[in-house]
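Shown next, in structure tokens, is the structure this report addresses.
The values are calculated or read from the model by the stated rules, or taken from the named source; none is laboratory data. Bear in mind the structure is a predicted one, so any value in this text is a computation, not a measurement. We place every Cβ from the backbone using ideal geometry, glycine too, and count neighbours over all the protein chains shown.
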Amino acid sequence: MLRDRFDQLMMASLVVVLLFMVVVMVGAGPDEYNRENSAISRHLERERLYKARVAFIERHFSPVIALRDSGALPEALLKLEELQRTLPGEAHIDLLSGDILLRMGQFDRALTKLAAAVRRNADYVDAASPLSQRPLLESAVTEGLPLVRDRLRSQPDSRSVAQVVKDGYYLQSRLAGGCE
Amino acid sequence: MKYLLLMLTFLLTGAVLSGCEQPLEGPPIRIGYMNCNSVKETMERFQPLTAYLQQQLGRPVEAIPVDTQDLESRFAAGEFDFVHGNSLLYVILKENHDLQLVATEKRGQFGSRTAGAIIVRRDSPIKSLKDLKGKRMIFGPQLAPSGYMAQYDLMLQAGFDPDRELDYYALPRGTFKHEKVIYGVYFGAFDAAAAPALDLEIMTREGKISADDFRVLAQSETIPYCTFGASKNVDSKLTEKFRKALLDLTPETTVEVDGQRLKVLDAAWIDGFETLLDKDYDPIRVMAKRVNMPPYQEF
């Protein structure tokens, strides 16, 4: 089979290459150090994203939050309306609208807006996230859901009320979380 | 073979006819639309909705623009089967002519409800309703629940009598009254204005004004927005069909008008319709009584 030196050389080279491949394949898996490193970088990446998001919210929404906190709720809603022009589809517009409408006692509109915000950005229900808004969402569900449920009982054919009830239950389910 | 040909002919004729529009039958249904800004605008807004209703009801439907002040007398004279007007008009027609509630329009942040606001310029020295003493104010049209009644009521509730304590108050004339009221304060012709929250919202959204231009001195509780009602003489099945047609509308619903396919809700500036209960209009009744307005006005 290995009749001359050339064949022997080729065979030897083949064996060396195969051995090298085995070594590379065994060594290529994430060792403890690599695994830790990539977990840290993922964590850092997430931190960076959160920081950027918080800075973004502060930059664009601080006038709305200031108006809301001073009790100027109609003006705060108008400011959000203005922001809608530059940031269409932004989840935080829905969230703050929901918050303000809740403070105004507009429970049905608040539930709809808050559900839209959570559908767009699940961080709002994540207790571990710096963007978490669980107390706000909890109070919307606790105060608003019984009211809209009663309303649906008195108006069983109303599709709009049925939709608000669905939004309320959606928030409740997101707050409750999945299987653990 | 002869029978086969006969059957084929019937089938083909049926297929061709089913592609045609259903013929409209019966006397026309007349809808009175309250003019918001002008007759032209009202017709442009509601023509597609009227065409859609005609399609859904299978009967000719006629759109009739009506001046707010004339709506009650024309309704009483039997001119309309259905009316579309503001929520105060609904209460007036309900109390005086037993109008049947059909559906309420949804538009803006508060959905099927709206509110009345009293605004001043952001740089105004006026900080509270009491500061309005001796000032010039502009209100919206008198039968506007969120352009006149709600603000008048807010002032009375705060112990401020607009008739006696304001230096003067004006009501704008002609078209686009709510916008005129807002611009009246913006350009400094008046110290304060009675602005519907929805108009402020829409003008801000459209970039006509900025949220930073004004301060809201007070805002009323929310009250139902524009409403469709049916005459008590209309057959209840027709009213139900009419309501269903309104509730079935989605932003994607289109209709052909004068060779153009238009989105019904978009054209009418409406987000959708909702069924409210008559008791939801009670805040209007309470305000109208306090402000001494129809249908409870006493001299």
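Quick look at the values:
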quantity	calculated
Residue in segment A:65-75 that is at negative phi and away from chain B (no Cβ under 13 Å) present	yes
Hits in segment B:61-81 - residues which are crowded, with 23+ Cβ neighbours inside 10 Å and under 14 Å from the mean Cα position of the chain (by Cα)	B:Val66, B:Leu71
Test set (1) within 25 Å of B:Thr104 (Cα to Cα); (2) more than 14 Å from chain B (Cβ to nearest Cβ) - A:Leu111 fails condition number	(2)
Test for B:Glu221: is it surrounded by fewer than 21 Cβ atoms within 10 Å (Cβ to Cβ), under 18 Å from B:Tyr281 (Cα atoms) and of a type in the set (Asp, Glu)	yes
Cross-chain or 6+ apart pairs with Cβ under 6 Å, segment B:195-216 first and without any contact (Cβ under 8 Å) to a residue 40 or more places away in the chain, then among the charged types (D, E, K, R)	B:Thr204/A:Glu81; B:Thr204/A:Glu82; B:Arg205/A:Glu81; B:Ala211/A:Lys79; B:Ala211/A:Glu82
Of all residues making up segment B:260-279, the number that are touching a residue at least 24 places away in the same chain (Cβ under 8 Å), acidic (Asp, Glu) and surrounded by fewer than 20 Cβ atoms within 10 Å (Cβ to Cβ)	2
Filtered residues of segment B:271-299 (kept if aliphatic (A, V, I, L, M) and within 12 Å of another protein chain (Cβ to nearest Cβ))	B:Leu276, B:Leu277
Verdict on B:Gly85 being surrounded by fewer than 24 Cβ atoms within 10 Å (Cβ to Cβ) and not basic (Lys, Arg)	no
Number of the exception - B:Glu206 against (1) outside the structural domain of B:Gln56 (by TED's automatic domain parsing); (2) surrounded by 16 or more Cβ atoms within 10 Å (Cβ to Cβ)	(2)
Boolean, B:Ala189 is modelled with pLDDT under 95 and more than 23 Å from B:His84 (Cβ to Cβ)	no
Failed item in (1) over 20 Å from the mean Cα position of the chain (by Cα); (2) among the small types (Gly, Ala, Ser); (3) over 19 Å from B:Thr68 (Cα atoms), with B:Gly111 passing the rest	(1)
Residues of segment B:230-271 that turn out to be part of a helix (DSSP H, G or I) and among the polar types (S, T, N, Q), as a count	2
Any helices (runs of 4 or more DSSP H) falling wholly within segment A:21-130 and containing at least 1 residues that are loosely packed, with under 11 Cβ neighbours inside 10 Å and at pLDDT 95 or above	A:32-69
Any hit, segment B:156-165, residues being within 24 Å of B:Thr204 (Cβ to Cβ) and surrounded by fewer than 19 Cβ atoms within 10 Å (Cβ to Cβ)	no
Residues satisfying the stated conditions in segment B:81-119, i.e. assigned to a loop (DSSP other than H, G, I, E, B) and within 14 Å of chain A (Cβ to nearest Cβ)	B:Arg107, B:Gly108, B:Gln109, B:Phe110, B:Gly111, B:Ser112, B:Ala115
Verdict on B:Asp191 being crowded, with 20+ Cβ neighbours inside 10 Å, more than 25 Å from B:Phe110 (Cβ to Cβ) and outside the structural domain of B:Ile92 (by TED's automatic domain parsing)	yes
Count - residues of segment B:240-259 that are more than 13 Å from every other protein chain (Cβ to nearest Cβ) and either within 20 Å of B:Leu57 (Cα to Cα) or buried (at least 16 other Cβ atoms within 10 Å of the Cβ) (or both)	11
Yes/no for A:Ala140 being in a helix (DSSP H, G or I) and either over 22 Å from the mean Cα position of the chain (by Cα) or of a type in the set (A, V, I, L, M) (or both)	yes
From B:Thr13, B:Thr50, residue being at pLDDT 95 or above and hydroxyl-bearing (Ser, Thr, Tyr)	B:Thr50
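Okay, residues lined up against (1) aliphatic (A, V, I, L, M); (2) free of Cβ contacts under 8 Å to residues at least 40 places away in the same chain; (3) surrounded by fewer than 24 Cβ atoms within 10 Å (Cβ to Cβ); (4) out of contact with any Cys (no Cβ under 6 Å at 6 or more places or on another chain):
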| site | (1), (2), (3), (4) |
| --- | --- |
| B:Gly108 | no, no, yes, yes |
| B:Ile119 | yes, no, no, yes |
| B:Arg122 | no, no, yes, yes |
| B:Pro125 | no, yes, yes, yes |
| B:Ser128 | no, no, yes, yes |
| B:Lys133 | no, yes, yes, yes |
| B:Gly140 | no, no, no, yes |
| B:Gln151 | no, no, no, yes |
